[in-house]
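Report on the structure given below.
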Amino acid sequence: MSKKRDEHDVGLKFLQQAFGLSSLHFGLFTEDQPYNLENLRKAQVNYTSTLVSLVPDGVKTVLDVGSGLGDISKVLIDRGYKVEGLSPDAYHGEKYLESCGKDAVFHLSKFEDFRTDTRYDCLLFGESPQYIDKDAYFPKCLELTNPGSCIVLADFFQKHPGDVYPKCFVESDFVARAEKAGFRVDYHRDITKEVLPNLEVARLFLAYGQKLFAFITDTLKRRKRFLWFLANLFYGRRIRRVHQILHENSPKWLDSARFEENMRYAMYRLVRPA
């Protein structure tokens with residue numbers, strides 16, 4: 001797992017534990033919702049219900065790829081689908097079973113490495129395609145589905161190749177790869193405007209984090225100089241890394257104007273013709 005992926009996952013775990021979020025994905029805001037934590041929770045529920053609504057009639061089995069804490073799988077299970085979760089993160093596995101029940105099926109694996117004889121009616125991806133090798137994505141989708149199956153997904157897409165979220169698919173390339181693999185775009189919705197408020201809410205969290213970090217470090221420097229010396233001696237690199245994440249990396253990641261200029265957030269349903 002890359003350093004950037006580690007930072008992203010640690011940040012998501014912090015948000016989940018510190019603020020009681022039941023989801024690790026963006027929320028789908030409505031125009032009348034103020035930007036705050038409570039409405040972020042509501043927006044995440046709206047996102048989940050909207051994504052699940054794209055699962056077509058006739059689907060019985062679903063593989064939730066990048067299943068996170070299991071919130072999407074739980075909704076699917078409650079609606080009568082036979083669902084399995086998949087993630088390479090052991091923490092996700094623990095939370096998935098807590099959410100979906102101890103008898104739920106969870107696979108601790110990367111999508112690219114996943115092996116099974118099962119073929120699913122639907123593969124569902126909630127912000128997970130960006131973590132999957134681009135060349136392996138559609139071949140693996142073909143391996144895990146039958147003609148007549150579908151892919152339901154939501155994720156960031158680059159509008160053009162660049163260094164803003166470079167792990168994400170360029171949207172035109174994604175569609176071209178889908179069609180080359182034999183999938184047909186059955187549904188598409190651009191939800192960029194509805195997810196931009198997530199970045200504004202996150203910026204509020206970031207501001208608190210910056211102030212808290214500054215308070216702790218300044219207090220140690222002024223009042224606990226020897227402790228500050230030891231902290232720098234043994235953890236100096238980590239302290240500088242946290243400072244870089246808080247003051248350099250995160251402000252770029254959470255710049256809504258930069259995001260809107262370079263990225264598009266979209267929901268898709270792709271069908272593999274029978």
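All of the numbers you see were taken from the coordinates with simple rules; none came from a lab. All figures in this text were calculated on a predicted structure; none of them were measured in a lab. Reconstructed Cβ throughout: ideal geometry from the backbone, glycine too, with neighbour counts over all protein chains shown.
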Inset, instruction - Could you please tell me which pairs satisfy a Cβ distance under 6 Å, a separation of 6+ or placement on different chains, a first residue in segment 226-245 that is in contact (Cβ under 8 Å) with a residue 12 or more places away in the chain, and a second residue that is of a type in the set (Ser, Thr, Tyr) and outside any helix (DSSP H, G or I)? - result: none
Inset, instruction - Note down all Cβ pairs under 6 Å where the first residue falls in segment 112-124 and is under 22 Å from VAL271 (Cβ atoms), the second is basic (Lys, Arg) and not in a strand (DSSP E or B), and they're at least six residues apart or on different chains. - result: ASP121/LYS60
Inset, instruction - Can you give me the number of residues within segment 26-55 that are over 20 Å from SER128 (Cβ atoms) and either among the aromatic types (Phe, Trp, Tyr) or assigned to a loop (DSSP other than H, G, I, E, B) (or both)? - result: 8
Inset, instruction - Can you tell me which residue within segment 144-177, out of those that are surrounded by fewer than 21 Cβ atoms within 10 Å (Cβ to Cβ) and of a type in the set (A, V, I, L, M), is nearest to PHE114 (Cα to Cα)? - result: LEU144
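Regarding ASN262, is this residue among the polar types (S, T, N, Q), touching a residue at least 60 places away in the same chain (Cβ under 8 Å) and in contact with a helix residue (DSSP H, G or I) (Cβ under 8 Å, 6 or more places away or on another chain)?
When the stated conditions are applied, ASN262 does not pass them.
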Inset, instruction - Can you give me the number of residues within segment 167-197 that are over 27 Å from GLY27 (Cβ atoms) and in contact (Cβ under 8 Å) with a residue 40 or more places away in the chain? - result: 6
Inset, instruction - Check segment 77-84 and report whether any residue there is crowded, with 24+ Cβ neighbours inside 10 Å, without any contact (Cβ under 8 Å) to a residue 60 or more places away in the chain and not charged (D, E, K, R). - result: yes
Inset, instruction - State all residues of segment 41-71 that are within 19 Å of SER149 (Cα to Cα) and of a type in the set (Val, Ile, Thr); if no residue qualifies, say none. - result: VAL52, VAL55, VAL59, THR61, VAL62, VAL65
Inset, instruction - Could you grab me the full set of residues in segment 87-119 that are farther than 17 Å from LEU69 by Cα and surrounded by 15 or more Cβ atoms within 10 Å (Cβ to Cβ)? - result: PHE114
Inset, instruction - Could you check segment 208-269 for helices (runs of 4 or more DSSP H) lying wholly inside it with 2 or more residues that are acidic (Asp, Glu)? - result: 256-262
